Amino acid sequence: MGNMNFIQKSNLFSYTATRCLRNEYYHNDCRICIDLCPKGAFHIVRNKLTLFENECIGCAGCIGSCPSEALEIESFDPNGFAAEFQYQNDLTLSCKVSTPCLGVFDVEHYAVMALRSDKEVQCDLSLCAECVLNQDGKMHRIISEKIDEANRFLELVEHSERISIVEVKEEQAPRRALFRKGLEKVKESLIQPTAQAHVAMTTAHHKLPDMKMPLKRIMLKNSLKERVGGLNQTAFTDRSSLFFNKQIDFQSCTNCGDCSQFCPTDALFLSSDKQAIFFSQGKCIGCGICEDICKPKAITDKEGFDLVSIAYDRAEQLVRYEMVMCHECRCPYPYKGGDPICDRCASFTTQHVNMFTLAKDL
C-alpha cells in the first residue's frame, strides 16, 4: 500500500486521504465508499480510510458518492464531463458508450447536466442487472436514487425536462466480458480528444489555495444562479436530502469554536470579533461533523432551505454572545444572563464548595 496520509493509486484510480472526512475528523464514521465498493478495496486502518490497491479494479462506481471528492479516476472527470455535456449531440449517459459506471456521477452532476441542456437526459441502466459491479442490486439502486433526487431538484427549480432511466435490455455478452469492455472504455477515454479538456478539471480545482468546497457543489450553485431569479418560490420549509440547514441553541452553546474549526467546507464560521457563529447553507455538505464534535450538543439539524441563499452562499447568524469579564477568574466568557461568572468557575464553586469551608465552621 501507498502512504495512507496522502494519495494512494491503483492503476487509473486514486484516493486522496487528506480530503477524506474520516481524516478531517477522527470520529467521523462515513463509510459510503466502503459499503458501495463491489470488491471491498476500502478498509479502516487505525480509524482512517485506506485503499488496498491490489483489490481495487478502478471501476469508478464509488466516485460520485464521495461527499468531499476524495476519490478520482485519472481518465474520467465527472465534473468536467458534466460541464461539457450540453455540447454533446447525444444526451444519453451509458457505461457502454461514453462513460464508466454511472456511479461516477453524484446528484449534483445529474442536476447540472439536466439544467444546462434543453433536451431530456437519458441514463442507460440496461446493463446494470448483469453487471458484476451491481452486487445485490446495490449499484443500480444507488444510481436510481441519485437520479430521483436530481429530478426532485429539477422540479423544485421549475425545469421543464427530467432525467429518464432506460431499462430496455439488449442482447448481452457474458457479464465479465461486459465488465472488461467497460474498463477498456474508461482507459480509451485517455486518448479521446473530448476527454483532454475536462480530465484534470477536479484535480486543478483541488490545487487552488483554500479551496475546500467540492467542485460538483460549486457547479450546481452556478447553474442555480441562472434560474433562481425567475422562480415563483425560493424558500421551502420542508427537509431536503440535497441541502442542509443548522441551528444552535443559545443556552447550550459555549462559543468554543470547535464546530467552525472542524467544518471541512467552512459552512460554519466565526465572526471577525469571535463572538458570533454564522452558517452558510450553500457550503454545507451534511457531513455531521459539527453536531458530533459539539460537546454540549448545541448544534442540530433544522428543516427548511432557501435557494437564493444557497446559490449565492449567503450566511445566517445562528448565535451571538456578549463577552464579559468573569468576576472570579477575570477571564472573558460568553455571557448568558445572571451573575457574571463563567461556567468553569460556577462549576468549580458548586463541586468543591467544601474546600472553602473553614475548620471552625464544620
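The values are calculated or read from the model by the stated rules, or taken from the named source; none is laboratory data. Source: prediction; values computed, not measured. Counting neighbours? That spans all protein chains shown, and the Cβs are built from the backbone with ideal geometry, glycine included. Surface areas here come from the heavy atoms of the whole protein model, side chains and all, with no ligands, DNA or RNA. Shrake-Rupley method; radii C 1.70, N 1.55, O 1.52, S 1.80 Å.
I'd like the distance between the alpha-carbon centres of the range 39-64 and the range 73-138, rounded to an integer number of Å. Value for the Cα centre distance between the two parts: 22 Å.
For the peptides 117-127, 43-53, the ranking by packing is 117-127, 43-53, with the highest mean count of neighbouring Cβ atoms within 10 Å listed first. Highest mean first, the peptides 61-74, 100-113, 237-250, 286-299 sorted by other C-beta atoms within 10 Å per residue fall in the order 100-113, 61-74, 286-299, 237-250.
For the range 109-136, backbone nitrogen atoms closer than 18 Å to the point 7 Å from Leu231 Cα along Cα-to-C-beta are found at 109-117. Charge tally around Lys119: other residues with Cβ under 15 Å, Lys/Arg +1 each, Asp/Glu -1 each, net -2. Helix 175-188 axis versus longest C-alpha principal axis of the chain: approximately 80°, rounded to the nearest ten. Read through the labelled values [x] 19.8, 61; [y] 24.6, 97; [z] 20.3, 68 and report the label of the one computed as Rg and Dmax of the Cα atoms in Å from the structure. Of the labelled values, this structure produces [y]. Within the accessible surface of the chain, defined with a 1.4 Å probe on protein heavy atoms only, the carbon and sulfur portion equals 51 percent.
For the chain, with every protein chain kept in place, what is the accessible area per residue (1.4 Å probe, Å²)? Mind dumping the intermediate values first?
On the way: 18430 Å² over 362 residues.
Roughly 51 Å² per residue, with all protein chains present.
In the structure shown, the pairs Lys221/Lys246; Lys146/Lys221; Lys119/Lys283; Lys9/Lys216; Lys96/Lys216; Lys221/Lys336 are assessed against 26 Å; a Cα-Cα span above that value is assigned to Lys119/Lys283; Lys221/Lys336. A P(r) calculated from all alpha carbon pairs of the range 91-158, with 10 Å bins opening at zero, reads 21, 53, 23, 3 percent. Here the range 49-180 is treated with +1 on each Lys and Arg Cβ and -1 on each Asp and Glu Cβ, and its dipole about the Cα centre works out to around 380 debye.
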